[in-house]
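Here the structure is laid out as structure tokens; the discussion comes afterwards.
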Amino acid sequence: MPVLNWIGKDKVVNHDKELPFRVLKPIEELSVGHNNKNFLIEGDNLEALKALMPFYYNQIKCIYIDPPYNTGKEGWKYNDNVNSPIIKKWLKETVGPEGEDLCRHDKWLCMMYPRLTLLKDLLSEDGIIFISLDNNEVHNGRSILDEIFGGRNFLGTIIWRNVTDNNPTNIAIEHEYIHCYSKNKDSLDSVWKSKLSDAKNILIEIGNKLIKECSNQEELQEAYTEWFRENKQYLGQLDRYKYIDSGGVYTGSQSVHNPGKEGYRYDVIHPITKKPSKQPLMGYRFPKSTMDKLISDGKILFGKDEDKIVELKLYAKEYVDKLPSVITMDGRLGVYDLRAVISEEVKSFNNPKPVELIKLLLSYCTKDEDIILDSFAGSGTTGQAVLELNKEDGFNRKFILVELEEHIAKNITAKRLKRVIEKNNVTNTGFEYLDLNGVLYDYSGYVNPDAQYEDMAAYIYFTETKDYLDLSKIKNPYIGAQGSTNYFLFFKEKDKNILDEKSLRETASYKGSKVIYADKCLIDEEDLAKQGVIFKQIPYELKKY
């Protein structure tokens, strides 16, 4: 298979293996709630991804990233020229002197390659990764994705028609790209392809059943709505909301009007008010002959008055079970989404992605308890998409976001997530704000000789509970509890951390079961069991990822 080469590739192709494992430290005052397993990490995503590796290796179901497009313009929040101080420092230290003279495409490839390698390792066997790009790097992106993920795992490139460029002097660029890859296409086939098909068949089945049982349209719709309340897992599978009539299950979400001068214009007589619809002033997408046929076939959804924008009934039996290769969605919606939540910072982002775009992608490949990762989080669109999608279908997806810039992470991303949670009245949901702390393990996986007690305690606690430790509550050797289980760590000097009768007495005041980490245990297993104690050895070495 042909591979792409560039200046500095030899220095970065294995760089992910040379990174140490840093500790992720919670910042309580910036977090919302606790033990909810949603995370916002501030810091370089390369180091953050490596820090996640011991806990999330092969566990992330879906990754969406919107990396720098590398347009060559300065001033964009992630620096299109890939010239942010952090990246420049990293290039100089990792790639060497030639890194100072790299052209911008080489810089972009050097920046992306090790990050994509780590993302692949974090992705589950049946996982999906989406990468948004434009013309500047779409071809280079495809080449390195083929190299890292394998060409056979390429699922396709989605054209997102966002209609944002009206430059009259050139070809108007009205679209961007979203590359889509699986980690293992063989594992994906049996999971992803059947998901929407199963939902569609169930919706058709329940719709036909209710049509037979109900005597009129109002009773039918009420019964169908009640069914959805009891079966939330299907809400949002095909679209945001469902309707039903004698023709079957349909969605009423697709408008038939076409704002703009080019739209077809003619009168449509409203079937209830018998007045002409006011919406033809905006133009229709269909010519008169097509529109008349749709109306006669009962495929047009009218409101109670002529002011409502009429909609096309899309029946479940006609619904395509695959992501479309072309998605048309106004790119300005991303700005509107951000402004609706955190208006004071909209100017910081020129082109945030629409929430509905990310929700559409996630709805095709994620379900309950799946983990979604975005390592170029920006304003936090992916986090908002996960929260809203969960509310719509009743699932409990989790997100992990990583944002490089401190100002953005604290004042925009975190604030946006908090306001979305408050606005949508999402209960029992929040996120932990995390910062990159000291090095716990070196790149070979051996514990850092200078590792602090708090760092090892935090690592052990997360390994046991998948929750981050409140460091203020540590009382050596006690590190924390979850439920009725208490966790302890004896960690001073290697090979001298002994669990014996004397050290065990230090834990006596804590009620409930106990998990104790030390180097050696001098107490009989039977005696430990009687006292509800589980002994575990301190992990001085990690698997090398």
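The values are calculated or read from the model by the stated rules, or taken from the named source; none is laboratory data. Bear in mind the structure is a predicted one, so any value in this text is a computation, not a measurement. Glycine also receives a Cβ, built like all others from the backbone with ideal geometry; neighbour counts cover every protein chain displayed.
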Are there any pairs, at least 6 apart or on different chains, whose C-beta atoms fall under 8 Å, with the first in the stretch 21-41 and more than 12 Å from TYR468 (Cα to Cα) and the second in a strand (DSSP E or B) and at pLDDT below 90, and if so, which? ARG22/ASN437; ARG22/GLY438
Does the stretch 477-487 include one or more residues that are touching a residue at least 40 places away in the same chain (Cβ under 8 Å) and outside the structural domain of LYS50 (by TED's automatic domain parsing)? yes
Could you tell me how many of the residues in the stretch 112-147 are outside any helix (DSSP H, G or I), within 18 Å of the chain's Cα centre (by Cα) and not β-branched (Val, Ile, Thr)? 8
State the number of residues belonging to the stretch 470-522 that are of a type in the set (Gly, Ala, Ser), exposed (fewer than 11 other Cβ atoms within 10 Å of the Cβ) and within 24 Å of GLY33 (Cα to Cα). 3
Does ASN448 satisfy the condition of being more than 18 Å from the chain's Cα centre (by Cα) and within 30 Å of ASP337 (Cβ to Cβ)? no
First in the stretch 101-118 and of a type in the set (Lys, Arg), second anywhere and in a helix (DSSP H, G or I) and modelled with pLDDT of 85 or more, Cβ under 9 Å, 6 or more apart: ARG115/ASP16; ARG115/ASN45; ARG115/LEU46; ARG115/LEU49
For the stretch 148-161, which residues satisfy the criterion of being under 21 Å from the mean Cα position of the chain (by Cα) and not hydrophobic (A, V, I, L, M, F, W, C)? ASN153, GLY156, THR157
Identify the residue in the stretch 521-536 that is assigned to a strand (DSSP E or B) and in contact (Cβ under 8 Å) with a residue 24 or more places away in the chain and, among all such residues, is farthest from the chain's Cα centre (by Cα). VAL533
Would you tally the residues in the stretch 403-419 being hydrophobic (A, V, I, L, M, F, W, C) and out of contact with any Asp or Glu (no Cβ under 7 Å at 6 or more places or on another chain)? 3
Across the stretch 277-309, the tally of residues that are among the aliphatic types (A, V, I, L, M) and modelled with pLDDT of 80 or more stands at 5
Please count how many residues of the stretch 286-307 are in contact (Cβ under 8 Å) with a residue 12 or more places away in the chain, closer than 13 Å to HIS270 by Cβ and not in a helix (DSSP H, G or I). 7
Filter the stretch 391-425 for residues that are surrounded by 24 or more Cβ atoms within 10 Å (Cβ to Cβ) and assigned to a strand (DSSP E or B); the one that is modelled with the lowest pLDDT is GLU403
Name the pairs: first residue in the stretch 395-423 and in contact (Cβ under 8 Å) with a residue 12 or more places away in the chain and aromatic (Phe, Trp, Tyr), second residue assigned to a helix (DSSP H, G or I) and surrounded by fewer than 24 Cβ atoms within 10 Å (Cβ to Cβ), Cβ to Cβ under 7 Å, at least 6 apart or on different chains? PHE395/GLN233
Taking ASP16 and the conditions (1) touching a Pro at 6+ places or on another chain (Cβ under 6 Å); (2) not hydroxyl-bearing (Ser, Thr, Tyr); (3) not assigned by TED's automatic domain parsing to the domain that holds MET112, which numbered condition does it fall short on, given that it satisfies the others? (3)
Can you tell me which residue among ILE498, ILE479, ILE516, ILE474 is over 15 Å from ALA458 (Cα atoms) and aliphatic (A, V, I, L, M)? ILE498
Hey, GLU222 hits all of (1) modelled with pLDDT under 95; (2) more than 30 Å from GLY248 (Cβ to Cβ); (3) part of a helix (DSSP H, G or I) but one; which does it fall short on? (2)
Only one residue in GLU406, GLU432 is within 22 Å of MET53 (Cβ to Cβ), within 30 Å of the chain's Cα centre (by Cα) and in the same structural domain as GLN384 (by TED's automatic domain parsing), so which one is that? GLU432
Hey, which of the strands (runs of 3 or more DSSP E) in the stretch 432-514, taking only ones fully inside, have at least 3 residues that are in contact with a Leu (Cβ under 7 Å, 6 or more places away or on another chain) and at pLDDT 90 or above? 432-441
Any chance VAL138 is closer than 30 Å to GLY96 by Cα and in contact (Cβ under 8 Å) with a residue 40 or more places away in the chain: yes
Just one of PRO449, PRO539 is surrounded by fewer than 20 Cβ atoms within 10 Å (Cβ to Cβ), closer than 22 Å to ARG22 by Cβ and without any contact (Cβ under 8 Å) to a residue 12 or more places away in the chain; which is it? PRO449
